[in-house]
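**Student:** Below: one structure in structure tokens.
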Amino acid sequence: MKLFYAAGASSLAAHILLEESGLPYSLEKVNLDTKTWSHGDYVLINAKSYVPALQTENGTLLTECAVILEYIANTADTQGLLAPYASSAYWDQRMWLNYIATELHKNFISPVRPGNWLPNTQASQQLVYQRVLPRLKFVEHALEQQNYLSNQHFTAPDAYLFVMTNWFKRLGYPFGELKNLQAFDAHLRERPAIQRVLKQEGRPHSLQAKS
């Protein structure tokens, strides 16, 4: 498999899950400002122009983070990264993947910013905070007395949620009453696979507005 990614973007979740899975994969870094990669125009790879995109073993291209996470988890089915299909835990994890994608991920993306990046002005950052805080409070409640979203062990939704807490932290938002989410973020940063991925991806894009 080949993952098209940008440092610190939502593709971080897919990168983490690939590393956790033990599956063989390669990486292709995408410049989201110029929409290019090492072989030219990234839009020719993914017409949506954003990451992640995953080229599967048979050459099929997958897009949308939640779908890619489910594909990776199902491919590595012996790793327990997603519950067996149609089980109650499976539907619970699917709900989390969709909630993170629609209620958190998209609300972290401000309309007042260039490219496919997090908000980089004071006004847009405040707007995003107002949008994501009540949705994160729902997750905060779900994490009471447990370290992970589902099944008391790491699964695909946790990789996606970590991207959200990582963005929250990068933007300098106060965790305040979100103590469970703060503990979740700290706990996941102790996982060797996540440490390897963060080191491999390196510094993400700047959150300062370009002059």
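The values are calculated or read from the model by the stated rules, or taken from the named source; none is laboratory data. All values reported here derive from a predicted model rather than from experimental measurement. Positions of Cβ are backbone-derived with ideal geometry, glycine not excepted, and every protein chain shown enters the neighbour counts.
**Student:** Looking at region 62-82, is at least one residue in a strand (DSSP E or B) and not assigned by TED's automatic domain parsing to the domain that holds Arg135? Reasoning before the result, please.
**Tutor:** Taking region 62-82 as the starting set, the residues that turn out to be in a strand (DSSP E or B) are 62-63.
Adding the requirement that they be not assigned by TED's automatic domain parsing to the domain that holds Arg135 leaves 62-63.
Yes, the conditions are met somewhere in region 62-82.
**Student:** Restricting attention to region 47-61, report how many residues are under 17 Å from the mean Cα position of the chain (by Cα) and either surrounded by 16 or more Cβ atoms within 10 Å (Cβ to Cβ) or not assigned by TED's automatic domain parsing to the domain that holds Lys29 (or both).
**Tutor:** Of the residues in that region, 5 qualify.
**Student:** Would a scan of region 86-109 turn up a residue that is under 22 Å from Arg203 (Cβ atoms), modelled with pLDDT of 95 or more and not in a loop (DSSP other than H, G, I, E, B)?
**Tutor:** Kept after step one, since they are under 22 Å from Arg203 (Cβ atoms), are these residues of region 86-109: 105, 108-109.
Now restrict to residues that are modelled with pLDDT of 95 or more: 105.
Narrowing the set further to residues that are not in a loop (DSSP other than H, G, I, E, B) leaves 105.
Yes: one or more hits.
**Student:** Could you tell me which residue of region 134-186 is surrounded by the most Cβ atoms within 10 Å (Cβ to Cβ), considering only residues that are closer than 28 Å to Ala123 by Cα and among the hydroxyl-bearing types (Ser, Thr, Tyr)?
**Tutor:** It comes out as Tyr160.
**Student:** Mind checking whether some residue in region 126-146 is closer than 16 Å to Ala7 by Cβ, outside the structural domain of Ser11 (by TED's automatic domain parsing) and not in a helix (DSSP H, G or I)?
**Tutor:** no
**Student:** Looking at Tyr85, Tyr90, Tyr148, which one is aromatic (Phe, Trp, Tyr), touching a helix residue (DSSP H, G or I) at 6+ places or on another chain (Cβ under 7 Å) and free of Cβ contacts under 8 Å to residues at least 40 places away in the same chain?
**Tutor:** Tyr148
Residue-wise test of (1) at pLDDT 95 or above; (2) in contact with a strand residue (DSSP E or B) (Cβ under 6 Å, 6 or more places away or on another chain); (3) among the aromatic types (Phe, Trp, Tyr); (4) part of a loop (DSSP other than H, G, I, E, B).
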{"site": "Tyr148", "(1), (2), (3), (4)": "yes, no, yes, yes"}
{"site": "Asn151", "(1), (2), (3), (4)": "no, no, no, yes"}
{"site": "Phe154", "(1), (2), (3), (4)": "yes, no, yes, yes"}
{"site": "Met164", "(1), (2), (3), (4)": "yes, no, no, no"}
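**Student:** Look through region 190-211, keep the residues that are within 11 Å of Ile16 (Cβ to Cβ) and charged (D, E, K, R), and return whichever of them is surrounded by the most Cβ atoms within 10 Å (Cβ to Cβ).
**Tutor:** Out of the qualifying residues, it is Glu201.
**Student:** Hey, another quick one. Gly115 passes all but one of (1) surrounded by fewer than 18 Cβ atoms within 10 Å (Cβ to Cβ); (2) modelled with pLDDT under 95; (3) assigned to a helix (DSSP H, G or I); which number fails?
**Tutor:** Of (1) surrounded by fewer than 18 Cβ atoms within 10 Å (Cβ to Cβ); (2) modelled with pLDDT under 95; (3) assigned to a helix (DSSP H, G or I), only one is false for Gly115: (3).
**Student:** Report, ordered by the first and then the second residue, all pairs with beta carbons closer than 8 Å, sequence separation of six or more or different chains, a first member in region 1-23 that is over 17 Å from Ala47 (Cα atoms), and a second member that is among the acidic types (Asp, Glu) and in a loop (DSSP other than H, G, I, E, B).
**Tutor:** Taking only residues 6 or more apart or on different chains, the pairs are Met1/Glu57.
**Student:** With the requirement that a residue be outside any strand (DSSP E or B) and among the aliphatic types (A, V, I, L, M), what does region 30-61 give you? Before you say what the answer is, go through the steps one by one.
**Tutor:** Initially, region 30-61 is screened for residues outside any strand (DSSP E or B), giving 30, 32-35, 38-39, 42-52, 56-60.
Matches in region 30-61: Val30, Leu32, Val43, Leu44, Ile45, Ala47, Val51.
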